[in-house]
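Notes follow once the structure below has been shown.
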Amino acid sequence: MQKCDVCGEYYSDTYRRCPFCEEEEAIRRGKAVRRRSRDFRSRRGGHAIGVLVLLLVFVAAGLTAGRFFGDRIADMIGIRTPLPPEDENPGDPVNPGGGTNPDGSSSPDDPGLTGDPSGSAPEDPADQKPETAVVLSSADFTLSAAGAFHPLTASGGSGTYTWTSANPAVATVGEDGKVTAVAAGNTEITVTDGYTSAVCIVRVKGPENDGGNTAAGAVKLNKTDMTMPAGTTYQLKVSGTASAVTWAVEDSSVATIDGDGTVHFVKKGTTTATATVDGKTLKCIVRVKN
């Protein structure tokens, strides 16, 4: 199709001259010609637009088919564009191929890089729970007298141990696990690594360890008769033995006594405090006054 420069109409390029201009010229000369109305011209223009729209539809359909079925069609007709070979270790955009970056640091794709490739920080070894529990070399032992000692050893766990004694007045324990008797009685030694723990029972008996000399003074009370003013306290003590002492009073309405021998005033009156140790009973008269 081409456009006439005179009348502006479109006509087929098979015409040597614009047929519309020829028609107008024939009319002016009074010659009989076949009429071509403006509607006819409009229809010819409409046909051209229709053809253009149809071509656009075909192009769009071809693009859509190529997008979804291009690979299949290429396989069917034997045409396939080879893909470039993949790099086994492409690395990152900054440092393709991995390895060492220009600044000397290792890229995430470096095969020699240890740790989590995701970039998360490794766990602190202190936060990792040990696979085994703490175990003590002994679960129960007896020390013959105050001053005697026994070494305890721990194994398993994290390897870092903390030692404690439930009653240091009976036995103490050092940072190396050495248990030393202090006085007759029973206590527990505990070791922990922060995750698990183990316990050993320690029993202390007999007189103080005086290097093999067992001779000691007679077992006695520091008081056998005493008077207490109202509102006061007094501590009775047993000497001549390291054994545990059992304390009691005959009349607790007058006075009371603690496990360490401390006597407390209750009201005016008289009673007797007793100390039982090594099979003996020692007595002290307690007089309470206002």
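The values are calculated or read from the model by the stated rules, or taken from the named source; none is laboratory data. What you are looking at is a predicted structure, and each value in this text was computed from that prediction instead of being measured. Please note: Cβ atoms are built from the backbone with ideal geometry, for glycine as well, and neighbour counts cover all protein chains shown. When the accessible area is computed, the model is the full protein with side chains, heavy atoms only, and any ligands, DNA or RNA have been set aside. Shrake-Rupley method; radii C 1.70, N 1.55, O 1.52, S 1.80 Å.
Odds and ends about this structure:
- Between residue 26 and residue 57, the C-beta separation translates, for a Förster distance of 35 Å, into a calculated FRET efficiency of about 0.35.
- Nitroxide proxy distance, nm - points 7 Å out along Cα→Cβ at residue 195 and residue 64: 6.4
- For segment 161-290, the per residue solvent-accessible surface stands at 54 Å², with DNA, RNA and ligands left out and a 1.4 Å probe.
- In Å², nearest 10: area of residue 1 left accessible to a 1.4 Å probe: 120
- At R0 = 22 Å, FRET efficiency that the Cβ-Cβ distance of residue 267 and residue 225 yields, to 0.05: 0.70
- In terms of distances greater than 32 angstrom between alpha carbons, the cross-link table entries 237/267; 178/283; 223/267; 178/237; 237/268; 205/289 yield 178/283; 205/289.
- Difference of contour (0.36 nm per residue) and Cα-Cα distance, residue 253 to residue 4: 75.9 nm
- Nearest-10 value in Å² for the accessible area of residue 195, using the 1.4 Å probe: 100
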